[in-house]
Amino acid sequence: MSSKRIYLSYIIWVAISVLIVAFFLTHLISAILPPKIIVTDPKSDEFRTDIEDVMIRGMVKRSYFLRIGDTLIPFNDDGSFEERVSLTRDLNIIKIEAESRFGKKSEKIIKIFNQFNQ
């Protein structure tokens, strides 16, 4: 009976150790890797249009802050976001920047050539 208790105790300690290591590894990964920005709309990073504004939609992972241009953009718990951006005539360069709590940054650039009549 004593060997069964020792074996069970060993299994419990191994399980607890695995959980602790997994916890620290997930935090280490989020500290090492920069945020990931996924833009779902618009579909292309460069395009032409004749409309006055565009809706930017997407998702961020491992991000604490999200900015489009100089504007801080809120995002949902699942990382999804959307923001309407007004366009000027001719070339618009839209910079999307994400930052982790550990200061790691990622950015995505969208270039839109706008031909609308004012």
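The values are calculated or read from the model by the stated rules, or taken from the named source; none is laboratory data. Computed from a prediction, not measured in an experiment: that's the story for all the values here. Because the Cβ atoms are built from the backbone with ideal geometry, glycine has one as well, and the counts that use them run over all protein chains shown.
Of the residues ILE16, ILE20, the single one that is under 28 Å from the mean Cα position of the chain (by Cα), part of a helix (DSSP H, G or I) and not assigned by TED's automatic domain parsing to the domain that holds THR88 is ILE20. Looking at ILE56, ILE94, ILE29, ILE112, just one residue is under 16 Å from the mean Cα position of the chain (by Cα), assigned to a strand (DSSP E or B), surrounded by 10 or more Cβ atoms within 10 Å (Cβ to Cβ) and not hydroxyl-bearing (Ser, Thr, Tyr), and that residue is ILE56. The conditions of being free of Cβ contacts under 8 Å to residues at least 60 places away in the same chain and in contact with a strand residue (DSSP E or B) (Cβ under 9 Å, 6 or more places away or on another chain) are not met by THR49. Residues in region 68-84 that are free of Cβ contacts under 8 Å to residues at least 24 places away in the same chain and among the charged types (D, E, K, R): ASP70, ASP77, ASP78.
Among the residues making up region 59-75, a single one is among the aliphatic types (A, V, I, L, M) and in a loop (DSSP other than H, G, I, E, B): ILE73.
Scanning region 76-91 for residues that are touching a Ser or Thr at 6+ places or on another chain (Cβ under 8 Å) and in a loop (DSSP other than H, G, I, E, B) yields a count of 2. Annotation for region 72-80: no member residue is modelled with pLDDT under 95, in contact with an Asp or Glu (Cβ under 7 Å, 6 or more places away or on another chain) and surrounded by fewer than 19 Cβ atoms within 10 Å (Cβ to Cβ).
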